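The values are calculated or read from the model by the stated rules, or taken from the named source; none is laboratory data. Please read all numbers here as calculations on a predicted model, not as lab measurements. Every residue, glycine as well, gets a Cβ built from its backbone with ideal geometry; the counts of neighbours run over all protein chains shown. Side chains included, ligands, DNA and RNA excluded: accessible areas come from the protein's heavy atoms. Shrake-Rupley method; radii C 1.70, N 1.55, O 1.52, S 1.80 Å.
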Amino acid sequence: LREACRLRQEVERRGLDDWSISLNIGARHFLAPEFIADLQEVCPNGQGLILELTETSGIVGRGPIRPVMERCRELGYRLSMDDFGTGYSSLLSVAQLPCDELKLDQRFIRQFRHELANFSVAGAAQLLSRLAGMHLVAEGIAVPEELRLWHAMGGRYLQGYLLAPPLPEAAFFDWYPWLMPSLLHGTPPVALRDLDILWEQQQQWV
């Protein structure tokens with residue numbers, strides 16, 4: 001948390017006020033009785049910070065998580081659910097949580113060009129995120145073909161080696177203006193109701 005606050009000050013100093021800093025918080029730590037007290041002591045102002053909850057499959061649907069999430073949002077933090085789609089949490093449980101962002105696990109992205117089941121999960125996650133007003137991030141986008149399909153599905157947010165490998169802080173600030181590839185704007189995304197047509201087209205691309 002302290003390091004995230006320091007980085008937030010650095011991006012503000014550089015005039016990058018629209019940037020956010022994400023940090024991982026393990027689910028068990030998130031539900032520890034002292035977590036909110038730690039948050040208020042170390043970083044009571046959460047503006048510009050995103051808490052990415054990891055290892056959530058065992059706690060989604062449990063009563064205590066919602067009030068903790070609501071308190072974090074009151075402090076200005078945004079909340080992201082990491083590795084979405086893994087484990088045994090139901091879509092309903094996730095949709096009812098006060099999240100700002102879902103991160104579609106990279107295991108789906110690695111296979112969604114080739115396997116219908118993974119493609120279908122990605123499509124269902126798109127629909128859920130849109131109706132619930134959440135951002136949906138595709139993790140692990142590594143090659144242009146994955147980016148093309150993700151864009152065709154209506155995906156707007158991504159992370160992965162196609163953008164950049166993990167970088168030291170100084171190198172990132174030196175190179176970030178050149179790290180973003182040209183995204184595909186020539187072909188508009190298909191409507192969600194036409195995902196079956198997109199799947200058939202994708203098999204022809206492959």
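Brief remarks follow.
- Meets criteria (over 17 Å from W205 (Cβ atoms) and open to solvent by less than 10 Å² (accessible area, probe 1.4 Å)) for A117: no
- Taken over the range 32-60, the criterion of being over 19 Å from the mean Cα position of the chain (by Cα) and open to solvent by less than 40 Å² (accessible area, probe 1.4 Å) is satisfied by A32, F35, I36, L39, C43.
- Members of the range 65-95 found to be modelled with pLDDT of 80 or more and either in a strand (DSSP E or B) or open to solvent by 60 Å² or more (accessible area, probe 1.4 Å) (or both), listed by number: R66, P67, E70, R71, R73, E74, R78, L79, S80, M81, D82
- Among the residues of the range 120-135, just one is open to solvent by less than 20 Å² (accessible area, probe 1.4 Å) and in a loop (DSSP other than H, G, I, E, B), namely M134.
- Complete set of residues in the range 136-157 that are outside any helix (DSSP H, G or I) and under 16 Å from Q126 (Cβ atoms): L136, V137, A138, E139, I141, M153, G154, G155, R156, Y157
- Whenever a residue of the range 6-33 is of a type in the set (A, V, I, L, M), its partners that are modelled with pLDDT under 95 and open to solvent by 100 Å² or more (accessible area, probe 1.4 Å), lying with C-beta atoms within less than 6 angstrom and at least six residues away or across chains, give the pairs A27/E55.
- Test result for F112, open to solvent by less than 20 Å² (accessible area, probe 1.4 Å) and modelled with pLDDT of 90 or more: no
- Selection from the range 160-174 of residues that are within 24 Å of R148 (Cα to Cα) and open to solvent by 70 Å² or more (accessible area, probe 1.4 Å): Y161, P166
- All conditions but one from (1) modelled with pLDDT under 90; (2) under 18 Å from the mean Cα position of the chain (by Cα) apply to I21; the one that does not is (1).
- Within the range 1-31, the only residue that satisfies the criterion of being basic (K, R), over 18 Å from L75 (Cα atoms) and surrounded by 12 or more Cβ atoms within 10 Å (Cβ to Cβ) is R28.
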